[in-house]
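The values are calculated or read from the model by the stated rules, or taken from the named source; none is laboratory data. Note that this is a predicted model, so its numbers are computed, not measured. For neighbour counting, all protein chains shown are included, and Cβ atoms are generated from backbone atoms with ideal geometry for every residue, glycine included. Each accessible area value is taken on the protein alone, full model and side chains, heavy atoms only, with ligands, DNA and RNA left out. Shrake-Rupley method; radii C 1.70, N 1.55, O 1.52, S 1.80 Å.
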Amino acid sequence: MPDSLTAGRVPPVAVSTTSTLVTKTGAWKYIQPVYRDRVAPCNEACPVGIDVEGYLNLIREGRTAQALDLLLRENPMPAITGRVCHHPCEASCNRRCFDEAVAVHEIERSMGDLALETTPRRMPGTRVGKIGIVGSGPAALSCAYHLARLGYAVIVHEAAAEPGGMLRLGIPEYRLPRVVLNRQIEWIAAHGVEFVCGVRVGTDIPWRDFLSRFDAVFVAIGAMRSRPLGIPGEQLEGVRPGLEFLAEVNRGERPKLGARVVVVGGGNTAMDCARTAVRLGSDVTVLYRRTRAEMPAIAAEVEEAEREGVRFTFLVAPALLRGTDRVKSVECQLMRLGEPDASGRRAPVPIEGSRFRLPADTVLTAIGELPDFRSLPTGMDLDQSGVATDQLGATSLAAVFAGGDLTRDPRSVAHAIGAGKRAAIGIDRHLLRAGGLAVNGGDPDELRYGPRGNLSITRWRGDDPVSRHAPLNEVVTFGDINTSQFVHRPRAIGQRVAVEIARAGFDEVNVGLSQDEAYEEAGRCFNCAVCNRCDLCLILCPDIAITRDGDGYAVNLDYCKGCGVCAAECPRGAITMTKVGE
């Protein structure tokens, strides 16, 4: 019997005698969600071509071994790049717009040190071919490593007594300890790479003989000659090329520089010269003809130099070196910035009547480096910028590839490692085709991280262990990130030794993060562009049309109305709304 208080107040209602699943409401939509991995900006910005987001996400999930494997697939030297790379990945990090960029280089260094504790597995000779490599710097070591992992026989030839190239001769120990470099080279050699040192190809072995010994050759002799200043007095005693000075110190020698040292230049070599001269007891001034904003040196290296007492004088260029037999002073010219030059930076213009003198016992020149083109095989296409190559390092000579500072690529350790990897792909493709075998695609852009990124050799091999959905070439921006799902956390800062200790010797300045601190810092990564199964789309779907499906999700399009809530709420921009039928 109805309640007397409610009788007559409830209108008649329709009641369904079947499940709501009968009505397929998905027919209403014109757009629908698709799970598609896009490209994280750090991946595109990495000159090496590392799946940065991928290995950071694996660390976040506690899968450290898989993270290390993913990192080492693309970068054979994370212990080195974690110390000396200019880490453009961090400048591109979307998190920098939220609080601070993820300290990728500190994490990479920690993972690299962990890698050096592992025992490499030597790959069987699964590829037919013998590769000769000239030079043993970062490009050469990278190419050798990747070719050895592909199953080729690889022999590296180095003119110096020890391998390492600019890593050994040009980077001071306080940035890259020799024990780390030596262990890294031994680790690469353990993959089956053979090293022959004390042999200069082109002199000790004629190029014709050398080229005839191998199925393909990779040339990476680096840029070991300092550019001259081109001003009067450069021949005076005490005026020294910066690279020559660094190589001498890195060999264990301790030259007498005098009380006052002037370093000319604004790049990383100039910073290395300045900080090394400080450790030898000199008072150091750096002259740079532009402003600090235009300096090509790594910003952190400039800050470290200032921290250690190096003085900087900007908008100044040397015009004349004065002295009788030995340099006594630098006659300097004040400059102003004019119109942009070919580099895109505003060109320095002399200010009339503004010269002054700066006392100097030693002048170290560091305004750029040049390869020794005279040591190259004849017939190689080159100009003042370097050897011409295609995207995979092929030169104008058949079966001869080139990379690193020798070519027209930007000159950094990371770019050299990336060039060596591209050449390894190019050599593999060349030899497979020469043997009449099918290759895994022919367009290098299919292997690229984003429109401007480097190539992935993992994609070349076709064995990416973390690929879940069809990747797009689109880079996810900060506007694609749903930051409401993240909390602000400070960036981890690696420890540095005290200034007094740093200035007193050549021990490593950057102590870095502990393993646990590095893992915790990896947890700050947004993991842009890739679904990592956070379940938000499943929880927030108003039509309950999303379900878990293996490692990802499935959308029941019979009931999805295309409202876009899942795409809007996805923290990482891994869901794309597309028109029905596309």
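Brief remarks on what is shown
- Of all the listed residues (ALA67, ALA91), the sole one being open to solvent by 20 Å² or more (accessible area, probe 1.4 Å), part of a helix (DSSP H, G or I) and at pLDDT 95 or above is ALA91.
- Number of the exception - ARG121 against (1) assigned to a loop (DSSP other than H, G, I, E, B); (2) closer than 30 Å to SER226 by Cβ; (3) basic (Lys, Arg): (2)
- Residue check for THR407: modelled with pLDDT of 95 or more, open to solvent by less than 70 Å² (accessible area, probe 1.4 Å) and polar (S, T, N, Q): no
- Given (1) touching a residue at least 40 places away in the same chain (Cβ under 8 Å); (2) out of contact with any Asp or Glu (no Cβ under 9 Å at 6 or more places or on another chain), number of the condition GLU331 does not satisfy: (1)
- Any pair with Cβ under 6 angstrom, 6 or more apart, that starts in region 30-46 at a residue that is more than 17 Å from ALA101 (Cα to Cα) and ends at one that is among the charged types (D, E, K, R): ILE31/LYS579; ARG38/GLU474
- Residue-level check: of (1) surrounded by fewer than 18 Cβ atoms within 10 Å (Cβ to Cβ); (2) more than 30 Å from ARG251 (Cβ to Cβ); (3) within 27 Å of the chain's Cα centre (by Cα), VAL179 misses just (2).
- In region 211-245, the qualifying residues are those that are of a type outside the set (Gly, Ala, Ser) and in a strand (DSSP E or B), and the one that is farthest from ASP409 (Cα to Cα) is GLU237.
- Cβ-Cβ under 6 Å pairs, at least 6 apart or on other chains, region 109-122 side in contact (Cβ under 8 Å) with a residue 12 or more places away in the chain, far side part of a helix (DSSP H, G or I) and surrounded by fewer than 18 Cβ atoms within 10 Å (Cβ to Cβ): SER110/GLN515; LEU116/ARG183
- Test: residue in region 71-81 that is charged (D, E, K, R), over 13 Å from the mean Cα position of the chain (by Cα) and either at pLDDT 95 or above or within 20 Å of ARG489 (Cα to Cα) (or both): yes
- Taking region 246-319 as the region of interest, the strands (runs of 3 or more DSSP E) fully inside it that hold 3 or more residues being without any contact (Cβ under 8 Å) to a residue 40 or more places away in the chain and of a type outside the set (Ser, Thr, Tyr) are 283-288, 311-314.
- From LEU432, LEU437, LEU455, residue being hydrophobic (A, V, I, L, M, F, W, C), touching a strand residue (DSSP E or B) at 6+ places or on another chain (Cβ under 6 Å) and surrounded by fewer than 24 Cβ atoms within 10 Å (Cβ to Cβ): LEU455
- Region 338-356, residues that are closer than 16 Å to MET295 by Cβ and either part of a loop (DSSP other than H, G, I, E, B) or touching an Asp or Glu at 6+ places or on another chain (Cβ under 6 Å) (or both): ASP341, SER343, GLY344, ARG345, ALA347
- Residue identified as within 17 Å of GLY165 (Cβ to Cβ) and surrounded by fewer than 24 Cβ atoms within 10 Å (Cβ to Cβ) among SER385, SER396, SER375: SER375
- Candidates ALA347, ALA317, ALA299, ALA270 - the one that is aliphatic (A, V, I, L, M), modelled with pLDDT under 95 and touching a Leu at 6+ places or on another chain (Cβ under 9 Å): ALA347
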